[in-house]
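A short write-up of the structure that comes next.
The values are calculated or read from the model by the stated rules, or taken from the named source; none is laboratory data. Just so we're clear, the structure is a prediction, and the values are computed from it rather than from any experiment. Cβ: placed from backbone, ideal geometry, glycine included. Neighbour counts: every protein chain shown. Ligands, DNA and RNA are excluded from the accessible area calculation, which covers all protein heavy atoms including side chains. Shrake-Rupley method; radii C 1.70, N 1.55, O 1.52, S 1.80 Å.
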Amino acid sequence: MQQYILWGLVVIFGLYLISCLLVLVFLTNNVMFWRKKKSDIPFGLIEGNQTMKMLQHPKRVYWLCNNPKKKGWVVLLHSWGRRSDRMVKQAEVYWERGYSLVFVDARSHGLSQYTIITTGYHYALDVKEILEKESIKNPIVHGLSFGAIASTILAQKYDVRALVLEAVTSEITTIYDDFLRVTRIPKIIYGWIPWLLLKKNWPWEELAPINSLQRYKGPIFLIHGEKDDLFPYEQRVMKVWEKLKHRDNVFIWIVPESSHSRMAEHPEFKKRLNEFLDFVENQENK
C-alpha cells in the first residue's frame, strides 16, 4: 500500500513539474504557435513599394512599406502572441497621411525565428538594429501592449520623433502577476515562478514605462481601454499619466467600453490619432 502511495506522490510531483515548465514557457515566450504565421501587409503593393526583409542569427522578419509621399517613417510593433498585420488598422492612418511604414515580427512571433526567450527588451533591440541597418532616422513609434513596452525601451536607445502607446503598463515587474490573474493560473501554486524570474539582475525600474517615459521628452499619446482586464487603466496607465500630465506634449485617451488591445476598433480612433499627429507636425513646423 505504501508503495502505491509513494508512486502516486511521484506521479503527482512529476505532473506538477511539467505544469511548472509549461507556466514558465507561457510567461517567457509565445506559445500561441497554432495561429497563422504569415502577415498580410497591404501597404505599398500598388502605390509605392513593399519589401519583406530579415535579420539573421536569429531570423527576425520585417517589412518596409515605402510611401511615395515620403513624409517620414512610422514603426508599428504588435502585441503578444500576434504578428505584424495586427497593426494594419493603426497603420492606415499613417499611410493616408503619407508616412512610410516599418512592421517587425518579434522573436517567436509571426515569421521570426523561435528563440528560448522573448521580451519587450529583445523586441526593442531588434527594432533598433533594423532601423540602423535601414538608415531610418527619427521615426514615430506606435506600439500595442507588448509592442508598447518595446516602444518605451526603444525610445531610450534611439532617437524617436513621437510615441503612440496603446495598452501600455506602468511597471515591468507587474506583468507576470497580471498574466497569472487574467489566465486564472493559481498564484498560490505558481507564484514562485515570476518571483524567481524577477530575481534576474535586470534594470527593472529603469525599464519601467512609469520611469522611462519621464526621461523621454518627445510627444506621447497614451491610449487605453476603459475595460482592459489585463492592464486595468486605473492601476496602470493612470499612474503613468500622473507623472506626465504636467507636460503640454503628452495626451491620454481612455477609450470607452474598449477591452485590452481593441482600441483601434473604436469609431473615433482615426480622428483621435490624426489629432495627435497634427500636434506633432505643427510643433515641428513652429
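List of remarks:
- Of all the listed residues (Trp73, Trp34), the sole one being under 26 Å from the mean Cα position of the chain (by Cα), of a type in the set (A, V, I, L, M, F, W, C) and loosely packed, with under 10 Cβ neighbours inside 10 Å is Trp34.
- Any chance Lys89 is assigned to a loop (DSSP other than H, G, I, E, B) and surrounded by 12 or more Cβ atoms within 10 Å (Cβ to Cβ): no
- The listed residues are Phe33, Phe43, Phe26, and the only one of them that is aromatic (Phe, Trp, Tyr) and touching a Cys at 6+ places or on another chain (Cβ under 6 Å) turns out to be Phe43.
- Residues that are out of contact with any strand residue (DSSP E or B) (no Cβ under 9 Å at 6 or more places or on another chain) and within 30 Å of Leu196 (Cα to Cα) were ranked within the stretch 37-64; the one that is surrounded by the most Cβ atoms within 10 Å (Cβ to Cβ) is Pro58.
- Condition check for Arg262: surrounded by fewer than 20 Cβ atoms within 10 Å (Cβ to Cβ) and under 16 Å from the mean Cα position of the chain (by Cα): yes
- Looking only at the stretch 226-253, residues that are in contact with a His (Cβ under 7 Å, 6 or more places away or on another chain) and either crowded, with 18+ Cβ neighbours inside 10 Å or at positive phi (or both) come to 5 in all.
- Considering only residues in the stretch 92-113 that are acidic (Asp, Glu) and open to solvent by 30 Å² or more (accessible area, probe 1.4 Å), the one that is nearest to the chain's Cα centre (by Cα) turns out to be Glu92.
- Of residues in the stretch 76-86 being part of a loop (DSSP other than H, G, I, E, B) and of a type outside the set (S, T, N, Q), the one most open to solvent (accessible area, probe 1.4 Å): Arg82
- So Ile188, is it surrounded by fewer than 19 Cβ atoms within 10 Å (Cβ to Cβ), hydrophobic (A, V, I, L, M, F, W, C) and within 30 Å of Tyr99 (Cβ to Cβ): no
- Some residue of the stretch 20-31 being under 18 Å from the mean Cα position of the chain (by Cα), in a loop (DSSP other than H, G, I, E, B), aromatic (Phe, Trp, Tyr) and surrounded by fewer than 21 Cβ atoms within 10 Å (Cβ to Cβ): no
- Filter result for Arg272 (open to solvent by 50 Å² or more (accessible area, probe 1.4 Å), touching a strand residue (DSSP E or B) at 6+ places or on another chain (Cβ under 6 Å) and of a type outside the set (Asp, Glu)): yes
- Some residue of the stretch 262-272 being out of contact with any Phe, Trp or Tyr (no Cβ under 9 Å at 6 or more places or on another chain) and within 24 Å of Ala208 (Cα to Cα): yes
- Count of the stretch 29-75 residues, restricted to those that are closer than 18 Å to Gly110 by Cβ and among the polar types (S, T, N, Q), is 6.
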